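Okay, structure first, notes after.
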Amino acid sequence: MLLGIGKTVITPPIGTPLAGFAHRDHGAESVLDDLEVRVFWLQSESDAGDAICLITADLIGFGAKLTAELRSELKSRYGLPPERLLLAASHTHSGPQTCENMVGVGEMVAEVVAMVRERILDAVAMAHQHLRPVVVSVGRGRCEGYAINRRLVRDGVCLFAPNPDGVRDDEVTVLVFRDAQEGTITAVLFHFTCHPTVMGDYRITADYPGAARRVIERAFNGAVAGFLPGCFGDIRPNCTFIGGTKFRRGQPEDVALFGEALGNEVVRVAQEATDPLTPKLGGWALTVDLPFMRLDDSSLPNPPTCPLTIQRLDIAEQVSLIALGGEACCDYGLFIKRLGAEQGRTLIPLGYCNGLVGYLCPARYFSEGGYEPITSFRFFGLPAPFAPEIEGIICEAIRKLVAF
């Protein structure tokens, strides 16, 4: 297997509106740390036609327009089919708006999005031009105490509050790429399930994924690390006031502590993950239509469905990435992992890829109410909340995609 790596900085200018929170009323005031892109181009040594490309970026999301433009450019320049390009956004809430469908949570600036697009294309060119033989391995660890479920049902009301008994996923999954001749670690992809929302003021930051990435890259001098976002629609950093009953806004010290803990665990896992996997590269995608809740007013037409694309990207015979184009809640990630365990495979679930249609909630959340299933739709320009039936539709599609 050959691997090419590209990287670049995509930090926008001071004054750029920041995406993700409705409370902000002006643009960025300063830079806490740079936003970055990491490109991983993989192909077999005997057949360049089986190439896949994974792009990780410190962005709120890859909007539909940006996704389409990047797919078109890579198809034109390199012959890369769209289903073999995976765009994974970290979902930091302290970067520029890049999703045209998001409403009231940061204005999009065309010049900034154009800068991001061009720098990503430059990083892809860099990766494509510098390929080297590697072997890949996978390992797992845990990072506990830094992420928590943010939905707490009390007296029949769903609150945005810490829920230590709620579902979450503290597992850390690490893909390690070593130089085929020297055995040194050249690249690491690390997966964790928590919103990058430690910070929420007017400072530009990659949040905890960026801090973890710096820890990893210092440990493996010369290596490049990329963050794979889990299904963390209902999971956020465990920043609370004393007593643990209310969330507080995080500080740079929280980012550093979270990043150091996660980064050190990734380093430990990567050092121990030495069993080589059999390379197998592939890409598939399918699109399903998600229904909305029926409108109470029978005189109005019911809203149309919303398309959701689900993608599978194979790295090795027993390792695949399963990517969802929305804010998938933790239940979907755990479902994908269980499906992999049943088949003796490592399936790594990703949210926030190739677009951002809205929150993808399990059916049980709709009767509980709250932000994710009921009120969040307005921030994604949707006509109504999704219907509870989406869970069955999405899970059936995932089963079909995994069976390809």
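Some notes on this structure:
- Nonlocal amide H pairs with T11, under 5 Å, H built at 1.01 Å: L35
- Rounded to 10°, Cα long-axis angle of helix 330-342 versus longest principal axis of the chain: 40
- Each label point was placed 7 Å from the Cα along the Cα-to-Cβ direction; for S72 and E45 their separation is 3.8 nm.
- In order through the stretch 65-76: 3J(HN,Hα) via Karplus (6.51 cos²θ - 1.76 cosθ + 1.60), integer Hz, x for Gly, Pro: 5, 5, 4, 5, 5, 5, 4, 5, 5, 6, 5, 5
- Residues whose placed amide H lies under 5 Å from that of V357, excluding near-sequence neighbours: G326, E327
- Backbone phi angles across the stretch 375-387, fed through the Karplus curve with coefficients 6.51, -1.76 and 1.60 (θ = phi - 60°), yield HN-Hα couplings of 9, 5, 4, 4, 6, 10, x, 8, x, 6, x, 5, 8 Hz in residue order; Gly and Pro are listed as x.
- For the chain, the longest principal axis of the C-alpha atoms and the axis of helix 110-129 are separated by about 30°.
- Here's how it looks for L350: its modeled amide H is under 5 Å from those of I322, A323, L324, which are all 5 or more places away or on a different chain.
- 3J(HN,Hα) couplings calculated from phi for the stretch 206-216 with the Karplus curve 6.51 cos²θ - 1.76 cosθ + 1.60 (θ = phi - 60°) are, in sequence order, 7, 6, 5, x, x, 5, 5, 4, 5, 4, 5 Hz; Gly and Pro show x.
- With a Förster radius of 60 Å applied to the C-beta separation of D25 and A403, the computed FRET efficiency comes to 0.80.
- Theoretical FRET efficiency, 1/(1+(r/R0)^6), r = Cβ-Cβ of R154 and R249, R0 25 Å, to 0.05: 0.65
Rule-based calculations on the coordinates, nothing more; no lab input. Keep in mind that what you see is a predicted model, and the values were worked out from it rather than measured. Positions of Cβ are backbone-derived with ideal geometry, glycine not excepted, and every protein chain shown enters the neighbour counts.
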